[in-house]
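Okay, so here's the structure we're looking at.
The values are calculated or read from the model by the stated rules, or taken from the named source; none is laboratory data. Since we're looking at a predicted model, the values are computed, not measured. All Cβ positions, glycine included, derive from the backbone under ideal geometry; neighbour counts span all protein chains shown.
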Amino acid sequence: MKSYEEINEKILKGEGVVVTAEEIVKMSKEISVKEIAEKIDVVTTGTFSPMCSSGAFINFGHTNPPMRMEKIKLNNVEVYGGLAAVDGYIGASEESENDITYGGAHVIEQIIRGNDVKLEAYGKGTDCYPRKEIKTLVNKHTINEFYLFNPRNAYQNYDAATNGSNKTIYTYMGKLLSDYRNVTYTTSGELSPLIKDPQLRTIGIGTRVFIGGTIGYIAWNGTQFNTDVEKNDRGIPIGPAATLAIIGNAKQMNAEFVRAAYFKNYGVTLYVGIGIPIPVLDEDMVYHLCTANEDILTNIVDYGSDGREIVKKIDYRSLQSGYVEIKGKKVPASMISSLPVARKIALKLKEMIKNDHLTLVRPQPFAQIEEYKKLKIKGGNASYLKYNACVNCGMCTGFCPTNALKIVDDELKFDSKLCTNCGICSDVCPVGVKLPPL
């Protein structure tokens, strides 16, 4: 048994022994699990895959006179402006108004590279934010905050894709030829971060990670986080399972590890480089860390069928060989992620731990989702909130000319005897409470 404190102390002294996920697999063929547990302190992982559910928060800075930016575009790509005066969120898969092959991912990459992008913003104008329009150029040096906040990254595993229909189709898994004539896949196999710790013992909220060339953190479980799935005999999910919500300072990122892409007839996406350091706490951790490509299964799914039927199960060693067999035919298999960049990420993270004394963070557990739901179509009437109950903010007490409204013992009190029904309190109430009846 080792503790985080013991491992971090060795890292800070420059004595920590760090290997990549591929290196520990090779070691497992030569020495025992017990010997590895005693010798190795940290194992680094890596993945560089298209991750559509990504995006960036940006604070542009206030204008003079000030403005509330409600409709925002960067290089003709819409930025969500319903946050605050000069804050926005740009989604990686948002497409340009005039070029479907260009989108939020490209804008994010350009800003990371230090390039100028065109900002256009519009607002209705208010007393405190009178300006209604601005057009200018911005870059990462002129804006305040620029950080990735990605709701769903680093799938624990993911299905491989094929197409059994009689026509070629275009998907987020790339071009799929008809009649099972090719297979595409995305997971980096034995390098994949969440596969090396399938029970998520050392991966959780607060875990320090490599993202896009810098250090970031796991903020929460990712959307579509689902661990109630089929697993192999080593406890590794077969197909999509856990995901991560990750945050990191994009001003410090490197475009080598954050790249925009366009999948023909599908849309824009963002390649994101992620690596997670995994502490070697005990022999059970080593058992999972030594999982090799041939021990990891995924499903080959028919994207040409309405129900995404499973064609067969296959291991990553077979996928990485470049060919698989489907219905008696030898079929090319290609990876839409980059294995060379995933290796580079694992090595880069290894260097950061050894040279920069990057320590590990003990995580908090994820908020487990009991049941992953699918959207059901439902008719009927929607509900609309017209006004809220009083929140005891006290805004009205500063305007009431007769002192009929007061905060007493943390609660708003109304004295109807003093009220003249002037309506000022209703005018200033931020939650829309109507004037109390006399």
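For the reader, a short list of remarks on this structure follows.
- Of all residues making up the range 226-256, the number that are touching a helix residue (DSSP H, G or I) at 6+ places or on another chain (Cβ under 7 Å) and of a type in the set (A, V, I, L, M, F, W, C): 5
- Hits in the range 294-336 (condition: among the polar types (S, T, N, Q), surrounded by fewer than 20 Cβ atoms within 10 Å (Cβ to Cβ) and under 27 Å from the mean Cα position of the chain (by Cα)): Gln320, Ser334
- Residue list for the range 146-185, restricted to those being part of a strand (DSSP E or B), hydrophobic (A, V, I, L, M, F, W, C) and buried (at least 19 other Cβ atoms within 10 Å of the Cβ): Phe146, Leu148, Ala160, Ala161, Leu176, Val183
- Top-ranked residue in the range 226-255 [being at pLDDT 95 or above, buried (at least 21 other Cβ atoms within 10 Å of the Cβ) and not aliphatic (A, V, I, L, M); ranked as farthest from Ala56 (Cα to Cα)]: Pro237
- Residues located in the range 35-59, provided they are surrounded by fewer than 24 Cβ atoms within 10 Å (Cβ to Cβ) and polar (S, T, N, Q): Ser53, Asn59
- Test set (1) farther than 20 Å from Thr291 by Cβ; (2) touching a Leu at 6+ places or on another chain (Cβ under 6 Å); (3) of a type in the set (A, V, I, L, M, F, W, C) - Ala21 fails condition number: (1)
- Scanning the range 343-352 turns up one or more residues that are surrounded by 12 or more Cβ atoms within 10 Å (Cβ to Cβ) and free of Cβ contacts under 8 Å to residues at least 60 places away in the same chain.
- Matching entry among Val17, Val43 (being within 30 Å of Pro340 (Cα to Cα), over 25 Å from the mean Cα position of the chain (by Cα) and among the aliphatic types (A, V, I, L, M)): Val17
- Among the residues of the range 49-87, those identified as of a type outside the set (A, V, I, L, M), in a strand (DSSP E or B) and under 13 Å from the mean Cα position of the chain (by Cα) are Ser49, Pro50, Gly55, Phe57.
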